[in-house]
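Here the structure comes first, spelled out in structure tokens, and everything after it is commentary.
The values are calculated or read from the model by the stated rules, or taken from the named source; none is laboratory data. Keep in mind it's a predicted model, so treat the numbers as computed, not measured. Every residue, glycine among them, receives a Cβ derived from its backbone with ideal geometry; neighbour counts consider all protein chains shown.
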Amino acid sequence: MGAGIAQVAARAGFTVVMRDVAEEFLARGLKAIDKSLQREVDKQRLTPDAKEAIISRITTSTDNAGLRNAFIVVEAATEDLAVKIEIFTLLDKIIAMDAILASNTSSISITRLGAVTQRAERVIGMHFMNPVPVMKLVEIIRGAATSDRTLAEVRSLTERLGKIPLECQDSPGFVSNRVLMPMINEAIFALYEGVASRESIDGIMKLGMNHPMGPLALADFIGLDVCLAIMNVLHDGFGDSKYRPCPLLKRYVDAGWLGKKSGRGFYEY
Ligand code: CAA
């Protein structure tokens, strides 16, 4: 998702530093950006020169030096609290005092991330949706200490990126995943209990509810490890058994069948 966020920011005219832990991930990100922009060139919505100009605004780095002058850093690391805490603690010491630290987390508490920094009022959630260049929403999550100023600046930035900011309070799963993930989890239970085939479950939701993808295909698209992590956040956060992850979801993750990215999930790719 980091690549998608870099792409929309560069497309909106911003200079972007894409930072990751290894060159191979950065190369993969740049390849995804190139492919996504090429679709637009092919459809004659973007000239080849404009595409190159967008790409030239993105530099890559495996260290934090390039982030020092950023006015905002959007973290999009794996959905793991310990990893995000480590990143926020470190970035807080490196980036400009007044810079905003945003997280693209899909469910982790913004208040907890803010609390490990000396700038909790500048910490906020910017939850982009996949595929980032296509989806209009950015769910904006306000932590306990997030200031009005930070909120206003991030709303305005989101609009400059061509997206629509919609706000919510810091609560497990926010709004998007509190509503989406239990639906996906329930679809997995239906498969697990033999209520219907994967094609039937997805077809019923696509044709009957006009969803662009069925819930099982969507789970594969999001990543089954991400779905499981989010269900665990909901389960722990609310302490309510209605959020227990389906055993079939756990089994697939244990098997390394993580969906589209690993070549196998509820479908084969
Ligand atoms: N980059 C750029 N453009 C892309 C793209 C990408 N990665 N993927 C698709 N597109 C564009 C296509 O070029 C096409 O554009 P036009 O209509 O303008 O020609 C358009 O999107 C539709 O794509 P396709 O025709 O190839 O395929 P589709 O109609 O099946 O749409 C989809 C694909 C947009 C992914 C659609 O299936 C969809 O909306 N799925 C649901 C996505 C969703 O629910 N996302 C949220 C997931 S939850 C999340 O991200 C957050 C979380 O916390 C878990």
Exercise. In the range 155-190, which residues are surrounded by 18 or more Cβ atoms within 10 Å (Cβ to Cβ), over 21 Å from S241 (Cβ atoms) and polar (S, T, N, Q)?
Worked result: T158, S176
Seminar exercise, completed: Selection over the range 208-224 where residues are without any contact (Cβ under 8 Å) to a residue 60 or more places away in the chain, within 14 Å of the ligand (Cβ to nearest atom) and in a helix (DSSP H, G or I) yields a count of 8
For this session: Take the range 168-186 and flag every residue that is touching a Lys or Arg at 6+ places or on another chain (Cβ under 9 Å) and in a helix (DSSP H, G or I).
Result: P182, N185
Problem set entry | Residue match in the range 72-89 (condition: assigned to a loop (DSSP other than H, G, I, E, B), closer than 27 Å to I108 by Cβ, at pLDDT 95 or above and away from the ligand (no atom under 16 Å from the Cβ)) | no
Seminar exercise, completed: In the range 49-71, anything surrounded by 13 or more Cβ atoms within 10 Å (Cβ to Cβ) and over 24 Å from S36 (Cα atoms) is listed as N64, G66, L67, A70
For this session: Filter the range 102-154 for residues that are surrounded by fewer than 16 Cβ atoms within 10 Å (Cβ to Cβ) and within 16 Å of the ligand (Cβ to nearest atom) and give the result.
Result: N130, P131, V134, M135, K136, L137
Problem set entry | Count of residues meeting criterion [crowded, with 20+ Cβ neighbours inside 10 Å and not in a helix (DSSP H, G or I)] in the range 225-246 | 2
For this session: Would you be able to say whether some residue in the range 187-197 is within 10 Å of the ligand (Cβ to nearest atom) and in a loop (DSSP other than H, G, I, E, B)?
Result: no
Seminar exercise, completed: Per the filter on the range 117-131, residues assigned to a loop (DSSP other than H, G, I, E, B), of a type outside the set (S, T, N, Q) and touching a strand residue (DSSP E or B) at 6+ places or on another chain (Cβ under 9 Å) are R119, M129
Seminar exercise, completed: Within the range 225-237, the count of residues that are near the ligand (Cβ under 10 Å from one of its atoms) and under 14 Å from K261 (Cα atoms) comes to 2
Seminar exercise, completed: E159 passes all but one of the listed conditions (1) closer than 26 Å to G29 by Cα; (2) in a loop (DSSP other than H, G, I, E, B); (3) modelled with pLDDT of 95 or more; (4) not β-branched (V, I, T); the exception is number (2)
Seminar exercise, completed: Quick count over the range 1-58, residues being aliphatic (A, V, I, L, M), within 16 Å of the ligand (Cβ to nearest atom) and either in a helix (DSSP H, G or I) or over 17 Å from the mean Cα position of the chain (by Cα) (or both), is 17
Seminar exercise, completed: Taking the range 254-269 and keeping residues within 15 Å of the ligand (Cβ to nearest atom) and either in a helix (DSSP H, G or I) or under 18 Å from D80 (Cα atoms) (or both) leaves L258, K260, K261
For this session: Considering only the range 42-60, state which residues are of a type in the set (S, T, Y) and touching a Leu at 6+ places or on another chain (Cβ under 8 Å).
Result: T60
